[in-house]
Amino acid sequence: MMLTNTKAFLEARINYELTGSYTKALIGTYQYNEFWKEETRKCMEGVTIGNVYIPGTYYFYLNYTRMLLKDEKTGRKTEGFPRFTDVDLEFFTLIEKARFQKKGFIMVKPRRTGFSYKNAALVTHEYNFYRNAKCIISAYENKYSDNTMAMTLNNLNFLDQATVWYKPRNPNTQDFVKARQLKKMEDGRDVWVGYQSEIKKITFKDNPFASAGLSSSIFLFEEAGIFSNIIESYNISEPCWKDGDDMIGVPIIYGTGGDMGGGTAAFSEMYYDPERFNLLSFPNEWESDKGNQQCGWFLPSTRQRFGVFTDKETKLTHKLVDDDGNSNEEFALKSILAFRETKKGNPQAYRDAVTQYPLTPSEAFLITSGNMFPTMLLNERLADLKANSQKYIESNWVGNFTISEDGEMRF
């Protein structure tokens, strides 16, 4: 479905950009209160215009979160609102679907697609609109959870400044925030009051039990490709988003092509067997030889690839994402293949170009460093083995690899 007139979903933020305020109504008036009542409804229930529905989380992301964007005039980064895109619409819709079906969500993506901002928006939304919400941002290493937590705090600061959704925070640190404040009662007692929603940042390095005893309505696992104990951490954390057998929250696991390392095998196991981990599953339509397999969600580099591509043959320039947010996959593919062609003289640079901007899940899962083997060819061979497994069951296909003293590989 081609998206049209997507600016209709952005009226609130357009007004803010033009006037510095979401509404011209005076504070405390009926019009002012009704405006914010309606905005709260949109953020919680979603918005339908024409035949397009966007979830409340996506409406909130588009109109009430900020990110660093390229300023076309200066070429530098500046703070602004996110663009409407077909990819983001699908992502937020799938998260809503996962919650409705009482499942988690796992995905693989290219580099530089802004998913830390999207996940920070999900956490901010949960914290802001649901009393007693428990949100956890986790990673194997601090630097990944630190980044998303910083984006979340920036979102909260913007809400405090520009909306009626201000909530006092205590504590208010880089690791933990809670929507509450002390109130002195008539008899002199100090009592904690407020929304009581909270956001906690944790890391699992050397400690898969970091989440033990916690509860969560959203649980992020950042950069699962370097998460060497991801399966153990996920399994131990499962009670956080469950009440008995009932799902009360949604775990979200994602990894980036090119950022695969010690956790790749475990992450790949979860990604290619999502139903075993109660994760939303999809037919692997991204790889022709694996169409009968289920896997997690994949974002190919041909989607939401911003910029332009100039066709060498026609000399015409094409936007890779149009003004309504539709991805031009035909010319994005040409752009990616042309980029790869420039790297073919350097094997490592070529592998990086493939894994950071993958066209298939298999390309994303390639490990490009610390490997003496031809990973690209091995990946193609693995696809053949999985697609034709019956062919290789006979005993004459089974053997062992050895490396001789002079470094020669033998079967």
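At-a-glance table
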item: Relative contact order %, region 128-281, counting alpha carbon pairs below 8 Å whose residues are six or more apart; result: 25
item: Angle between the chain longest axis and helix 329-341 axis [Cα atoms, degrees, rounded to 10]; result: 50
item: Förster radius 51 Å - calculated FRET efficiency between ASP190 and ASP273, Cβ distance, rounded to 0.05; result: 0.50
item: Separation of alpha-carbon centers, region 311-358 and region 224-253, rounded to whole Å; result: 35
item: Dimensionless Rg over Rh [the chain; C-alpha; Kirkwood]; result: 1.01
item: Set of lysines with alpha-carbon distance to LYS24 below 16 Å, sequence-local pairs under 8 removed; result: LYS37
item: For region 257-350, diffusion coefficient by Stokes-Einstein and Kirkwood Rh (Cα), 20 °C, 1.002 mPa s, µm²/s; result: 135
item: Mean separation of Cα contacts under 8 Å, 6 or more apart, over the residue count of the chain: relative contact order %; result: 15
item: For region 105-165: relative contact order, % (alpha-carbon pairs under 8 angstrom, 6 or more apart); result: 37
item: Reachable lysines from LYS334, criterion Cα separation under 26 angstrom, eight or more residues apart if same chain; result: LYS70, LYS109, LYS290, LYS312, LYS315, LYS319, LYS343, LYS344
item: Convex hull volume per residue in cubic angstrom - Cα atoms of region 148-301; result: 169
item: Net length gained if the chain between ASN170 and PHE401 were fully extended (0.36 nm per residue, minus Cα distance); result: 77.3 nm
item: Average accessible area per residue (Å²) across the chain - probe 1.4 Å, nucleic acids and ligands excluded; result: 51
item: Mean Cβ count within 10 Å, highest first, over the residues of peptides 324-330, 169-175, 134-140, 25-31; result: 134-140, 324-330, 169-175, 25-31
item: Cα lying deepest toward the dipole's positive end in the chain, options LEU69, GLY50, MET270, charges on Cβ; result: LEU69
item: Residue pairs, from the table LYS143/LYS200; LYS103/LYS167; LYS97/LYS178; LYS103/LYS200, whose Cα atoms sit over 25 Å apart; result: LYS103/LYS167; LYS97/LYS178
item: Under-5 Å amide H pairs with VAL250, H placed in peptide plane, nonlocal only; result: ILE218, PHE219
item: Where the Cα pairs of region 47-118 fall when distances are cut into 10 Å bins, in %; result: 16, 44, 30, 8, 1
item: Gyration tensor verdict on region 42-182 (Cα atoms; rounded if a/c is under 1.5, prolate if a/b is larger than b/c, oblate otherwise); result: rounded
item: DSSP bridge orientation in the chain - percent antiparallel, rounded to nearest 5; result: 55
item: For region 8-51, the spread of Cα positions along each principal axis, largest first, Å; result: 34, 22, 14
item: Simple spin-label estimate for VAL52 and GLU330 in nanometres, 7 Å along Cα-Cβ; result: 2.1
item: Normalised alpha carbon radius of gyration of region 21-82 [divisor 2.2 N^0.38 Å]; result: 1.42
item: Separation in nanometres of the label points that stand 7 Å from Cα toward Cβ, at ASP322 and LYS205; result: 4.6
item: Solution diffusion estimate, µm²/s, Stokes-Einstein, region 156-221, Kirkwood Rh from C-alpha pairs, 25 °C, viscosity 0.890 mPa s; result: 173
item: Length released on extending from TYR392 to PHE100, taking residue separation times 0.36 nm less the Cα-Cα span; result: 101.0 nm
item: Formal net charge of residues neighbouring ASP259 (Cβ-Cβ distance under 9 Å; K, R +1; D, E -1); result: 0
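The values are calculated or read from the model by the stated rules, or taken from the named source; none is laboratory data. Worth saying up front: this structure is predicted, and the values here are computed from it rather than measured. When we count neighbours, we look across all protein chains shown, and the Cβ atoms used for this are built from the backbone with ideal geometry, even at glycine. Side chains are part of the model used for accessible areas, which takes the heavy atoms of the whole protein and leaves out ligands, DNA and RNA. Shrake-Rupley method; radii C 1.70, N 1.55, O 1.52, S 1.80 Å.
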